[in-house]
Amino acid sequence: MKTIVFTEIDQIAFLKLNRPDVRNAFNSGMIEELTQIFIALQSRSDLKAVGLSGEGKVFCAGADLNWMKSMVDFSLAENKQDSLKLYEMFAAMKNLDLPIVAAVHGAVFGGALGLVACCDYVVAEIGTKFCFSEVKLGIAPAVISGFVLDKANSAVKYYMTSAEVFSENQALALGLVNFSGAKDDVTKEFQRVLHLYKENGPVAVRRTKQLLRHLSGLNLAQHQETTTGLIAELRVSQEGQEGIKSFLENRKPSWKV
Ligand code: COA
């Protein structure tokens, strides 16, 4: 595996995002690897839970903007197909019956909030910055939107439209994060919750996750069509490309005075 460090310790699978030079931003390779891992984990009846974290300075900077930028050369249909792969990664995570616990630090930007939304429990280090930065880049938090709304309370809509950076305390209030503390406390809490899952009946936990998914009424197929269509359109639009390029070129986008 090129982009993920995968280990198994005592009935827990640990996944570490491992592209620290680009702040663990996910490109098509990482999307493919994560999707395959989540699909494969579904049939691992010997495991009890999954721990997710990120290598380096930050947890994850969301979608790789170089990858997004390059999609300008592809047709709308090809862009839709590509966005579908991103959607399928989140869906594979959401559909996993094993509980997923994430430990986040540094920054959780853009699509990284989709990863967080698909977890069952999230611990965040004090000082972690959260941001739905997409609209700042001229695109939209489209693919992740259904997953985020399923997890967070409706106050999150403000952050999705304003791209305001918010703290771990605000993420707690929104329901995106369950615990925050200093690094050592976060590590302890991460281990404590993973251990809790080990104590429970593995089939009971899986069946409960299935039930809660069913009851939450999240219709993945309905969200899929709308959200992948929108991001496919926006990321190759003039505004989307300008926003992405301006970030990568370390300059203000043309609409910013
Ligand atoms: N895609 C591609 N490259 C990215 C990236 C992304 N999403 N986020 C960061 N990088 C790259 C930077 O271009 C930079 O590359 P360089 O070393 O070649 O110049 C490197 O990662 C380090 O980024 P930097 O901004 O210096 O790191 P930081 O630790 O100071 O800040 C973030 C971390 C996450 C706050 C900041 O990188 C950021 O805002 N990234 C954009 C996140 C975003 O808007 N994602 C939404 C995508 S839809």
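Residue check, ARG19 against (1) within 13 Å of the ligand (Cβ to nearest atom); (2) surrounded by fewer than 21 Cβ atoms within 10 Å (Cβ to Cβ), all met but one. Which one?
(2) is the only condition that ARG19 fails.
Sort out which residues of region 143-168 are of a type in the set (Gly, Ala, Ser) and more than 10 Å from the ligand (Cβ to nearest atom), and write them in order of number.
Matches in region 143-168: SER145, GLY146, ALA152, SER154, ALA155, SER162, SER167.
I want to confirm something. Restricting to region 49-75 and keeping residues that are part of a loop (DSSP other than H, G, I, E, B) and at pLDDT below 95, which single residue is nearest to the ligand (Cβ to nearest atom)? It would help to see each step written out before you state the result.
Here is the first cut: in region 49-75, the ones part of a loop (DSSP other than H, G, I, E, B) are 55-59, 61-62, 64, 74-75.
If we keep only those that are at pLDDT below 95 as well, we get 74-75.
Working: PHE74: 17, SER75: 21 Å.
Checked region 49-75; the qualifying residue nearest to the ligand (Cβ to nearest atom) is PHE74.
I want to confirm something. Restricting to region 175-189 and keeping residues that are surrounded by fewer than 20 Cβ atoms within 10 Å (Cβ to Cβ) and within 16 Å of the chain's Cα centre (by Cα), which single residue is nearest to VAL123 (Cα to Cα)?
ASN178
Can you tell me which residue is surrounded by the fewest Cβ atoms within 10 Å (Cβ to Cβ) among those in region 148-160 that are free of Cβ contacts under 8 Å to residues at least 60 places away in the same chain and in a helix (DSSP H, G or I)? First the steps, then the outcome.
In the first step, residues of region 148-160 are kept if they are free of Cβ contacts under 8 Å to residues at least 60 places away in the same chain; the result is 148-149, 151-160.
When the remaining residues are screened for being in a helix (DSSP H, G or I), the result is 148-149, 151, 156-160.
On the way: VAL148: 22, LEU149: 16, LYS151: 22, VAL156: 24, LYS157: 14, TYR158: 12, TYR159: 22, MET160: 20.
The residue in question is TYR158.
For region 103-136, name all the residues that are within 16 Å of the ligand (Cβ to nearest atom) and small (Gly, Ala, Ser).
Scanning region 103-136 gives GLY106, ALA107, GLY110, GLY111, ALA112, GLY114, ALA117, ALA124, GLY127, SER133.
Going by what's in this entry, would ALA13 be described as closer than 21 Å to ASP120 by Cβ and touching a residue at least 60 places away in the same chain (Cβ under 8 Å)?
Spelling it out, ALA13 is indeed closer than 21 Å to ASP120 by Cβ and touching a residue at least 60 places away in the same chain (Cβ under 8 Å).
Across region 22-48, what is the total count of residues that are among the small types (Gly, Ala, Ser), closer than 25 Å to VAL236 by Cα and more than 8 Å from the ligand (Cβ to nearest atom)?
2
Inside region 53-66, can you point out the residues that are more than 19 Å from THR7 (Cα to Cα) and surrounded by fewer than 24 Cβ atoms within 10 Å (Cβ to Cβ)?
LYS57, VAL58, ASP64, LEU65, ASN66
Which condition number in (1) hydrophobic (A, V, I, L, M, F, W, C); (2) buried (at least 23 other Cβ atoms within 10 Å of the Cβ); (3) over 14 Å from the mean Cα position of the chain (by Cα); (4) within 28 Å of LEU248 (Cβ to Cβ) is the one that VAL50 fails?
The number of the failed condition is (4).
Out of (1) part of a helix (DSSP H, G or I); (2) in contact with a helix residue (DSSP H, G or I) (Cβ under 8 Å, 6 or more places away or on another chain); (3) within 16 Å of the ligand (Cβ to nearest atom), what's the single condition that is false for ALA91?
(3)
The values are calculated or read from the model by the stated rules, or taken from the named source; none is laboratory data. Keep in mind that this is a model prediction, so the values were computed, not measured. When we count neighbours, we look across all protein chains shown, and the Cβ atoms used for this are built from the backbone with ideal geometry, even at glycine.
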